[in-house]
Amino acid sequence: MKERRVIAGLVLFATVLFALVPVIRRGAELPTAQHHFVHALMLAGAALSGILFAGRTRGGRRGAVWLVIATLVPALAMLLMWPSKYAYFETHPYGHLTEHLALVVLGFLAGFGGERYAAGIGWAAGIGIFAMGMLAIGGYGVVRSVPNTIGIAAAPTSRANIGGLPNQTRGAALFAQNCAVCHGTVGVGGEGPSLKNERSRKSLVQAEAWIQNPAPPMPKLYPGTLSLRDVADVAGYVETLR
Ligand code: HEC
């Protein structure tokens, strides 16, 4: 009994550590499929700890409310992996972390609630919620969204080489390192012109082209200091300045 609780606690602890990954690995986003695998593992770990915490209860004497919870949470988990939020989560590690922690809570509730209702139901709910995470890997309900503020549709073929959307969190860090001396910390301007509202002057594609081949006195940092990926990310960041 006691040992089971300890194991349950350890499993939960490991799962929460796992959920912290987006904040620890700031900016280094996994491909979508792998990312959903991480979600599935988190759901499974959380459900397992829920099952272990709940312990065995014969006959469902603790009330149908647990069954309701166990069957509703997988649907909520699916909503949390809603594709339209991807672009947001990629640029907001803490929002992403919140999503992960919510998934952990839902996984836990699936296992705990099911097992509280009747022995075995927790396993069914846990497997169900894990399967939901795995389905997301296969692309079920998962399409990368495009933020409508940025003209991705007009992106050049070179973008295919780097893949994915500009990561604005990385872009902000690159900007602070390479551009802020001239353009000011948040693009307010200095030696270089203000980049506020640059979006109205240059599209993402044009900003990338400019950074790759600027006119003097702006230094040409690509391909020496900045990689193609860096250019895309920093341009993505510049496009967000207002
Ligand atoms: C040494 C100073 C300097 C640095 C460093 C620098 N810039 Fe510039 N930047 C300039 C100047 C000066 C101009 C204006 C050049 C012109 O219009 O002929 C400019 C222009 C631009 C423009 C075009 C603005 C417009 O007119 O639409 C963009 C975009 C831009 N810079 C982005 C960046 C980014 C991103 C970085 C970092 C990777 C960077 N710059 C680094 C000095 C700098």
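The values are calculated or read from the model by the stated rules, or taken from the named source; none is laboratory data. None of the values given here were measured: they were computed from a predicted structure. So basically every Cβ, Gly included, is an ideal-geometry build from the backbone, and we count neighbours across all protein chains shown.
Among the residues of region 178-228 satisfying the criterion of being surrounded by fewer than 14 Cβ atoms within 10 Å (Cβ to Cβ) and assigned to a helix (DSSP H, G or I), which is farthest from the ligand (Cβ to nearest atom)? Once the filter is applied, the top-ranked residue is S200. Condition first: in a helix (DSSP H, G or I) and charged (D, E, K, R). Now tell me which residues in region 229-242 satisfy that. R229, D230, D233 - these are the residues of region 229-242 that are in a helix (DSSP H, G or I) and charged (D, E, K, R). One residue is enough: does region 197-215 have a residue meeting the conditions closer than 30 Å to Y94 by Cβ and more than 29 Å from the chain's Cα centre (by Cα)? The answer is no; no qualifying residue exists. Pairs are defined by a Cβ separation below 7 Å, a sequence spacing of at least 6 or placement on different chains, a first member in region 38-55 that is in the same structural domain as L97 (by TED's automatic domain parsing), and a second member that is in a helix (DSSP H, G or I) and among the hydroxyl-bearing types (S, T, Y); the pairs so defined are M42/T15; G45/T15; A46/T15; S49/T15. Of the residues in region 231-240, not one is more than 30 Å from the chain's Cα centre (by Cα) and surrounded by 15 or more Cβ atoms within 10 Å (Cβ to Cβ).
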